[in-house]
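Nothing in this text is a laboratory measurement; each read-out follows from the coordinates by a stated rule. Only a predicted model underlies this, so the values are computations on that prediction, with no experimental measurement involved. Using ideal geometry, Cβ is built from the backbone for each residue, glycine included, and neighbour counts are taken over all protein chains shown.
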């Protein structure tokens, strides 16, 4: 299986599993404060990891490329959309939507991510990918219709879809900086988003729960938001935005299955029909193959890499042969044909 697919699926499982745990915590503190604790847990945990890694890696070539000044506008906008607005909307939605159905509704993130990638950021797609997205949309509409009739109104569903839109914007903006260190990206996002959300929650009159609940929220945030985001950024680097979003659509199935076990929720027929539609859409994405002759334009950037077909360059420093390693490097013009995704080296037109 392609490395990027493994990263995306692992990210999906971690994030999906966090939803039913967040549902349990929703009633114990205000939604905005909970979003803050989840992201702070992510940021603090990743900061510890980042510090340990910095001490253990003494060779500069062994360290991932960090964010640059040119990355900061994209990254700041990504944090605002996905790190602040998205989690708050999700916590609000969880007040009126069951955890299992909320988990499935989160598939809409993949759809909105893809639509933005295709029509705003001009990432390529084909008929198979498009049909898969239609199936996922149909499943989301079915769940929304069901909750309009049974939960006293559509606002919980609207809030969750709004969260998905925020994360779709975040995903496309994060792709712009995905060649940089994913641990650094996820750590800064967690600390910034967590601090802002927690401050807002406390300013609105919220109070922190007991220490055990705070610790649980931090652990859930570290796994479901922190580690998941690190893996997601790695997947963006290898797969591009739309396809990463499609694979990430596995997240709600992980969350739905866990919520059924944890919370004893009984899924109805509509739930299973929606699940089948979403499974069909994801299958179409998983079985995609894209190959054609293409040309790489000359470019310069920095990221962790090995000397494969796309990295045939010399070094202007003393290199000991260790791979992968990171340094600024230049790509010459190259024309060839092979199966590929719209990763950081394949962002060509069709």
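Judged by the ratio a/c of the largest to the smallest principal axis of the C-alpha gyration tensor, the range 10-132 counts as oblate, that ratio being 1.5 or greater while a/b is no larger than b/c. Summarised in one figure, the compactness ratio Rg/Rh of the range 149-227, Cα atoms and Kirkwood Rh, is 1.04. As a proxy for reagent exposure, 322, 113 were ordered by neighbouring Cβ count within 10 angstrom, fewest first; the result is 322, 113.
The order of the peptides 225-234, 273-282, 173-182 by mean Cβ neighbours within 10 Å, most packed first, is 225-234, 173-182, 273-282. Packing-based ranking of 193-199, 328-334 yields 193-199, 328-334, ordered from highest to lowest mean Cβ neighbour count within 10 Å. Along its three principal directions, the equivalent ellipsoid of the range 3-292 from the Cα gyration tensor extends over semi-axes of 28, 25, 16 Å, largest first.
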